[in-house]
1. One residue is enough: does segment 93-111 have a residue meeting the conditions surrounded by fewer than 17 Cβ atoms within 10 Å (Cβ to Cβ), free of Cβ contacts under 8 Å to residues at least 40 places away in the same chain and in contact with a Lys or Arg (Cβ under 9 Å, 6 or more places away or on another chain)?
2. If I ask for residues that are of a type outside the set (A, V, I, L, M, F, W, C) and not in a helix (DSSP H, G or I), which ones from segment 74-93 would you list?
3. Could you tell me which residue of segment 34-65 is surrounded by the fewest Cβ atoms within 10 Å (Cβ to Cβ), considering only residues that are touching a strand residue (DSSP E or B) at 6+ places or on another chain (Cβ under 8 Å) and in contact (Cβ under 8 Å) with a residue 40 or more places away in the chain?
4. Can Ser114 be described as hydroxyl-bearing (Ser, Thr, Tyr) and exposed (fewer than 10 other Cβ atoms within 10 Å of the Cβ)?
5. Please go through segment 8-33 and give me each residue that is surrounded by fewer than 11 Cβ atoms within 10 Å (Cβ to Cβ) and out of contact with any His (no Cβ under 9 Å at 6 or more places or on another chain), ordered by number.
6. Is it true that some residue in segment 94-106 is assigned to a loop (DSSP other than H, G, I, E, B), among the small types (Gly, Ala, Ser), more than 20 Å from Ile11 (Cβ to Cβ) and more than 15 Å from the chain's Cα centre (by Cα)?
7. Take segment 10-43 and flag every residue that is part of a loop (DSSP other than H, G, I, E, B) and more than 14 Å from the chain's Cα centre (by Cα).
8. Is there a residue in segment 25-41 that is modelled with pLDDT of 95 or more and of a type in the set (Asp, Glu)?
Amino acid sequence: MSFRLKVGKTIDTDVEFDLREGDAYSAHKVGLVLRRFDATQFDALMQRARDGAVDDFALLGEMIVAWRQDLVVDDADQPVAYSAEALECLCGVLGVRRLLAEKAIAAQLEGVRSAAADKQGN
């Protein structure tokens, strides 16, 4: 007999940040839909990152399956669907790649929480 977990295959998380434009900041949000990793897969990915086998961009490429965003647009000024090329465009903004990677890793680790803590408002 084989076993499997009856859980969703993705985790959603929002990454909010402000971009300086001239002398003011503009608020932005990118909603990431991440592939859910099991513990073994996640540990292996993190080990590859520690070993230098994957950088932040490659790590994001393995985690992200879709997104909701309005920063990367096409010629008609319409938001584009997630792709490696669109991710590369977004990550061209200094600091965004690191922020996305940190949030994606945190979302994987926060994919489970204590129900008791949630009921207490924590």
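1. no
2. Listed by number, the residues that qualify are Asp74, Asp75, Asp77, Gln78, Pro79, Tyr82, Ser83, Gly92.
3. Here the residue is Val65.
4. It is true that Ser114 is hydroxyl-bearing (Ser, Thr, Tyr) and exposed (fewer than 10 other Cβ atoms within 10 Å of the Cβ).
5. Residues satisfying the conditions are Gly8, Lys9, Arg20, Glu21, Gly22, Asp23, Ala24, Ala27.
6. no
7. Gly22, Asp23, Asp38
8. No, because not a single residue in segment 25-41 is modelled with pLDDT of 95 or more and of a type in the set (Asp, Glu).
The values are calculated or read from the model by the stated rules, or taken from the named source; none is laboratory data. Bear in mind the structure is a predicted one, so any value in this text is a computation, not a measurement. Don't worry about glycine lacking a Cβ; one is built from the backbone with ideal geometry, like all the others, and counts go over all protein chains shown.
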